[in-house]
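A.B. asks: Structure incoming, see below.
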Amino acid sequence: GWEVELVDFSGADAYDDAQTGGELADEYGVGAVLLYLLTGKGEDEYDLTTKGSASIMRKVVASPALRSVVQRLLAPPNSRFQSASSASQALRTARENPQSEGGALSTG
């Protein structure tokens, strides 16, 4: 028979309150999927709540730009991109200029 492993890519904020869901929760989900694709591990295998994503992302083999974007996608809701289009633009920038820090937490 088939054995299926389900991985939950939703952030806690997707479940906590319907008001905090939406795009910000979706951003976390995209970051969790990217982390899984880069490492082969689900975000639930990391202690993101106490260690944060920065310590994990330093160990990921990827361009600095992509690491920066994923880190921001996995950040607490108030530190994520302000919109899905901003996150999408940061991912495009990471693809076009891999050495940039386009997803750094200090940018909008």
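A.B. asks: Q99 label point, 7 Å along Cα→Cβ, cut-off 15 Å on backbone N: hits in the range 62-76?
C.D. replies: 63-66
A.B. asks: Could you work out what % of the accessible surface of the range 9-96 is carbon and sulfur, using a 1.4 angstrom probe and leaving DNA, RNA and ligands out of the count?
C.D. replies: 51 percent
A.B. asks: Once the piece of chain linking V61 and Y36 is laid out straight, how much longer is it, given 0.36 nm per residue of separation minus the C-alpha distance between them?
C.D. replies: 7.8 nm
A.B. asks: I've got another one for you. How big is the equivalent ellipsoid of the range 9-96 along its three axes, where each semi-axis is √(5λ) from the Cα gyration tensor, reported in whole Å from largest to smallest?
C.D. replies: Square roots of five times the eigenvalues give 19, 16, 10 Å.
A.B. asks: Want the number for S88 to D47: 0.36 nm per residue separation, take away the alpha-carbon distance, what's left?
C.D. replies: This chain segment gains 12.2 nm when fully extended.
The values are calculated or read from the model by the stated rules, or taken from the named source; none is laboratory data. Note that the coordinates shown come from a computational prediction; the quantities given were computed from them, not determined experimentally. In this analysis, Cβ positions are derived from the backbone assuming ideal geometry, glycine residues included, and neighbour counts consider all displayed protein chains. These area figures cover heavy atoms from the full protein model, side chains too; ligands, DNA and RNA do not enter into them. Shrake-Rupley method; radii C 1.70, N 1.55, O 1.52, S 1.80 Å.
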